[in-house]
Amino acid sequence: MSAPARVLVPADAAARSVGADEVASALAAVLESDRGEVVRTGSRGMLWLEPLVEVETDSGRVGFANVTADSFEAVVDTARSGRAPAGERAAYGGCVGVLDEHPFLARQTRLTTARLGIVDPLDPEDYGRHGGWAGLRAALTMAPAEVVEAVVASGLRGRGGAGFPTGIKWRTVAGAQADQRFLAINVDEGDSGTFADRMLLEGDPFALLEGMVIAGHALGATEGYVYVRSEYPDGIAMLDKAIRTARQSGYLGDNILGSGLRFDVDIRVGAGAYICGEETSMLESIEGRRGEVRAKPPIPALSGLWGRPTLVNNLLTMVAVPTVLAEGPEAYAAHGTARSRGTQVFQLAGNIRQGGLVEVGFGVTLRELVEDFGGGTLSGRPVRAVQVGGPLGAYVPADRLDVPMDYEAMADAGFMLGHGGVVVFDDTVDMARQARFAMEFCAKESCGKCTPCRIGSQRGVETIDRIIGRAADGDDPAAELALLDDLCTTMTKGSLCAMGGLTPMPVRSAVQHFPEDFRPRASRPAPVSGATEGAHR
Amino acid sequence: MPEPASDRAAAVRALTAEQAHRRGPLLEVLHAVQARFGHLERADLEAIADVLNLSVADVHGVVSFYHDFRTSPPTAHRVALCRAEACQAVGAEALCAAATAELAGAADVEIAEVFCLGNCALGPSGTVDGRLHGRLTAQRVAQLVAQVRS
């Protein structure tokens, strides 16, 4: 009998959260007796199927969905036979067939996430066999300025949410006069409904490091910092191991791939402050201070970490860079729409049947994401609202789902693409409560530096409470709604950063599209936590 | 048994010195000290400030800014439940209420709120003693707490 095939079990935190570790141990105990191998990978991003175990067979990698530690005979049988279940047994043991042919994956354009769930995240050779390091090798044959211009030509825009043209930012950093330049990579992915940074950090960490080395070469920076939120312990551990491996293999250090290029990476772990996803707050935090927002100008590209020119990019932006260099900027720019070039990694979350990662060109409609990829709500009830772009993004009503997902179309419609998070709510959602939460969250997480954000959010909670009749003095809802709108204007125009500046977006979209929820009500359930009394700091 | 104050101070100083060569090391130092002792005491902040040549006020300011840093000893076990939007969409508020009721009076378990654990497709999410769990119910939380207690 030949050795059993390789079995792949995700070590992704989402897969682990529903039992992947227990499945991996149970499989290893059975398969190792007949020389089988259980490899831990990232996740494919079909999260509703986790733990999703794959077996290498004659016909490709075959997936088994929702495997548990006491029900995995089909995986073992398939590993031993090397043949996928077929015919009337095609669905044996949760088999979902060859994963690359699964409609959820087959309709995607996976550039940034091409290796996710495929490779062993800590094997630099496996990474290389699947297209890794090609971008770095190409970049090292080019002058730094040529690399910058390639990024400009690709049309790549910042994936952190703001969508600023990446190449222009690179040009600014490269052109600044300085004795030292830094990279600061933002993996403070605090937006609810987003997890692409986490999955790439855990499932393909060399891609981040490759992008950073390319940027180091292009910008003349020798030190890069990766700021990871503390809520991502698996990602931090994985990146730490990847950095050590990359140093040993010559992809980081004093003489990268023998080119003489010097570049190294240090991890900085956040400490539970949402605001530190804001770029200047993140810089303060990396420097070891309170994460209070800095006034701009000066922009970080000219004066960032320790007063030096600093490239601040999101992880997704950085991971797109090797593809741009390996395939050429034109190939990357061929995806997407007029001014939103390339692909976006969307994340389907909340009340959704098929939640997970969807990488497609910009321009896909929200309806395609929610209905075709996502399969509608998990509860089976009608969709009522979809929050796109995190806690600071608008609530899109169900009758507006045909909006194309690119930066301009979303902004024109009054929405925000952000970091690509898509959070679905069914018809049981109370939109006044969601609006109140947006203000409550801002009150809790405001850095406190500017008044519109620090105080405005607190007043916002109180005003919404009066509108919906929880407070005793709610006697004129129309006047209170006008006051709320006024407050939103003050926060939008007067806040230092996007925290206070965009908190009004979910609030106003809720009021505008769901006015029926903002009427006084006789009784109303109290929120679970003690609202904003004693908001920290 | 808590260790003698002088031993703790020496350990804090050593942990601080280990990180002192890094640029802007304060957060990394605070993480290291809290990982070792469970929380940060006033005397720890004084030792850290001394080694890093910062004012105690600077260190205190950083400790008080970030949710992660705590100045009181942790309970034996900690449950953190996500209250952010994606988990709200699948019943996080009800779960928080039910789990809080379920664990009310348990002196060895702290229930905390957290905003997003990056497990937004498999909510409601939470952690029990730092380990991430998805698709939580109040019963499951109680079961997981029983597991970590045993």
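Across peptide B:59-67, what mean number of C-beta atoms from other chains lies inside 10 Å of a residue's C-beta?
6
Return the residues of the range A:337-383 for which accessible area with all protein chains present is lower than in the chain on its own by 20 Å² or more; set the probe to 1.4 Å and exclude ligands, DNA and RNA.
Listed by number, the residues meeting the 20 Å² cut-off are A:Gly350, A:Asn351, A:Leu378.
Enter the accessible area of A:Asp412 (Å², nearest 10), with the probe set to 1.4 Å and all protein chains included.
The value for A:Asp412 is about 130 Å².
Could you tell me the relative contact order of the range A:106-191? Use alpha-carbon pairs under 8 Å, at least six residues apart, and round to a whole percent.
Result for the range A:106-191 is 13 percent.
Could you check how much of the accessible area of chain B is carbon and sulfur, as a whole percent, using a 1.4 Å probe?
Using a 1.4 Å probe with all protein chains present, chain B comes out at 54 percent carbon and sulfur.
Hey, what's the Cα Rg ratio for chain A versus the globular rule of thumb, 2.2 N^0.38 Å?
Normalised Cα radius of gyration, chain A: 1.00.
Compute the separation of the alpha-carbon centres of the range A:409-477 and the range A:141-192 and state it in Å as a whole number.
The two parts, judged by their Cα centres, are 32 Å apart.
Kindly rank A:28-35, B:22-29, A:460-467, A:439-446 from highest to lowest mean number of other beta carbons found within 10 Å of each residue.
Ranking, from highest mean packing down: A:439-446, A:460-467, B:22-29, A:28-35.
Along the charge dipole of the protein assembly as shown, Cβ charges K/R +1 and D/E -1, which of A:Ser71, A:His217, A:Gly389 sits furthest on the positive end?
A:His217
Could you size up the charge dipole of the range A:1-144 around its Cα centre, putting +1 on the beta carbon of Lys and Arg and -1 on that of Asp and Glu, and report it in debye to the nearest 20?
Its charge dipole is roughly 520 debye.
For the range A:113-155, list log₁₀ I(q)/I(0) at each q in 0.22, 0.27 Å⁻¹, using the Debye formula over Cα point scatterers of equal strength and ignoring solvent, two decimals each.
-0.77, -0.87
Just the number: Rg to Rh for the range A:35-109, Cα atoms, Kirkwood Rh, two decimals.
Ratio of gyration radius to Kirkwood radius for the range A:35-109: 0.94.
Give the average, rounded to an integer, of partner chain Cβ atoms located within 10 angstrom of each Cβ in B:76-87.
Counting other chains' Cβ atoms within 10 Å and averaging over B:76-87 gives 6.
Which is farthest toward the positive dipole end of the protein assembly as shown among A:Ala29, B:Ile48, A:Pro322, measuring Cα position about the Cα centre, with Cβ charges +1 (Lys, Arg) and -1 (Asp, Glu)?
Towards the positive end, the residue furthest out is B:Ile48.
If each of B:Ala76 and A:Ser81 carries a label point 7 Å out from its Cα toward its Cβ, how far apart are those two points in nm?
Taking the simple label geometry, B:Ala76 and A:Ser81 are separated by 5.0 nm.
Is the shape of the range A:196-311 best called rounded, prolate or oblate, per the rule: a/c under 1.5 gives rounded, else a/b larger than b/c gives prolate, else oblate, with a ≥ b ≥ c the square roots of the Cα gyration tensor eigenvalues?
Because a/c hits 1.5 or more and a/b fails to exceed b/c, the range A:196-311 counts as oblate.
So how much accessible surface do B and A hide from each other in total, probe 1.4 Å, in square angstrom to the nearest 100?
4100
How large is the direction-averaged shadow of the alpha-carbon convex hull of the range A:116-249, in nm²?
8.6
Whenever you get a sec, compute what percent of the accessible area on the range A:398-484 sits on carbon and sulfur atoms (1.4 Å probe).
51
In whole Hz and in residue order, list the ³J(HN,Hα) couplings for the range A:333-347 that follow from phi through the Karplus curve 6.51 cos²θ - 1.76 cosθ + 1.60, θ = phi - 60°; x for Gly and Pro.
Couplings: 5, 5, 8, x, 10, 3, 10, 10, 8, x, 10, 10, 8, 7, 10 Hz.
Could you point to the residue in A:Val293, B:Ala92, A:Gly163 farthest towards the positive end of the protein assembly as shown's charge dipole, with +1 and -1 charges on the Cβ of Lys/Arg and Asp/Glu respectively?
The residue sitting farthest along the positive end of the dipole is A:Val293.
Based on DSSP, what percent of beta bridges with both residues in the protein assembly as shown are antiparallel, to the nearest 5?
55
Once the Cα gyration tensor of the range A:59-171 is diagonalised, what are the square roots of 5 times its eigenvalues, in whole Å and ordered largest first, as equivalent ellipsoid semi-axes?
41, 17, 12
Send over a whole-number figure in Å² for the accessible area per residue of the range A:381-427, probe 1.4 Å.
Here the residues of the range A:381-427 average 26 Å² of exposed surface.
Quick query: amide H of A:Thr365 versus all other amide H atoms, modeled in the peptide plane; which residues come in under 5 Å with a sequence gap of 5 or more or a different chain?
When sequence neighbours closer than 5 places are left aside, the close amide H contacts are A:Met405.
What are the residues of the range B:117-142 that lose 20 Å² or more of accessible area, with a 1.4 Å probe, going from their chain alone to all protein chains?
Buried by the other chains: B:Leu117, B:Gly118, B:Asn119, B:Cys120, B:Ala121, B:Leu122, B:Arg131, B:Leu132, B:Gly134, B:Arg135.
Any idea what the relative contact order of the range A:145-224 is, in percent, if you count C-alpha pairs under 8 Å spaced at least 6 apart?
33
Counting only helical runs of four or more DSSP H residues, what would the 222 nm mean residue ellipticity of chain B come to if each run contributes -39,500 (n - 2.57) and the total is spread over all its residues?
After summing the helix terms and dividing by residue count, I get -15000 deg cm²/dmol.
Let's test the formula: R0 of 22 Å, r as the Cβ-Cβ distance of B:Gln143 and A:Arg381. What FRET efficiency results, to the nearest 0.05?
In this case the efficiency is close to 0.20.
What distance in nm separates the two pseudo spin-label positions at A:Ala69 and B:Ser6, each 7 Å out from Cα along the beta-carbon direction?
4.7
Return one number: the angle in degrees, 0 to 90 and rounded to the nearest 10, between the long axis of the Cα atoms of helix B:138-149 and the longest principal axis of the Cα atoms of chain B.
40
Out of all DSSP beta bridges in the range A:339-472, what portion is antiparallel? Express it as a percent rounded to 5.
Antiparallel bridges: around 80 percent, rounded to the nearest 5.
Within a Cβ distance under 15 Å of B:Leu144, other residues only, what is the Lys/Arg minus Asp/Glu net charge?
0
Given points 7 Å out from each Cα along the Cα-Cβ axis, report the A:Arg6 to A:Glu37 separation in nanometres with one decimal.
My value for the distance between the label points is 0.5 nm.
On a C-alpha basis, how far is the centre of the range A:248-263 from the centre of the range B:51-118 in Å? Whole number, if you could?
41
Suppose every Lys and Arg Cβ carries +1 and every Asp and Glu Cβ carries -1, with no other charges. What dipole size does the protein assembly as shown come out with about its Cα centre, to the nearest 20 debye?
With Lys and Arg at +1 and Asp and Glu at -1, about 760 debye.
Please work out the Kirkwood hydrodynamic radius for the range B:1-149, using every pair of different C-alpha atoms, and report it in angstroms with one decimal place.
Here the Kirkwood hydrodynamic radius works out to 17.0 Å.
Need the per-residue list for the range A:228-270: every residue with at least 40 Å² less accessible surface in the complex of protein chains than in the chain by itself, probe 1.4 Å, sorted by number.
In the range A:228-270, residues shielded by partner chains: A:Glu231, A:Arg268, A:Val269.
Once you average over the residues of B:16-25, how many Cβ atoms of partner chains fall within 10 Å of each Cβ?
Mean shielding count: 3.
So what is the calculated 222 nm ellipticity per residue for chain A, using -39500 (n - 2.57) for each DSSP H run with n of 4 or more, over all residues, to the nearest 500 deg cm²/dmol?
-11000 deg cm²/dmol
At a 10 angstrom cut-off on C-beta neighbours, averaged per residue, how do the peptides A:309-319, A:358-368 rank from highest to lowest?
A:309-319, A:358-368
With a Förster radius of 25 Å, plug the Cβ-Cβ distance of A:Lys296 and A:Gln177 into 1/(1 + (r/R0)^6) and report the FRET value to the nearest 0.05.
0.80
How much area per residue is accessible in the range A:157-235 when the probe is 1.4 Å and only protein heavy atoms are counted (Å²)?
Result: 21 Å² per residue.
What number comes out for accessible area per residue over chain B if the probe is 1.4 Å? Units Å², please.
Using a 1.4 Å probe on heavy atoms only, each residue of chain B averages 44 Å².
Tell me the carbon and sulfur percent of the accessible area for the range A:128-233, rounded to whole percent, probe radius 1.4 Å.
Carbon plus sulfur share of accessible area: 56 percent.
Quick check: residue separation of A:Thr365 and A:Ala143 times 0.36 nm, minus the Cα distance between them. What number comes out in nm?
Result: 76.0 nm gained on full extension.
The values are calculated or read from the model by the stated rules, or taken from the named source; none is laboratory data. This structure is a prediction, so every number in the text was calculated from the model and none was measured. Cβ: placed from backbone, ideal geometry, glycine included. Neighbour counts: every protein chain shown. Heavy atoms of the whole protein, side chains included, go into the accessibility calculation; ligands, DNA and RNA do not. Shrake-Rupley method; radii C 1.70, N 1.55, O 1.52, S 1.80 Å.
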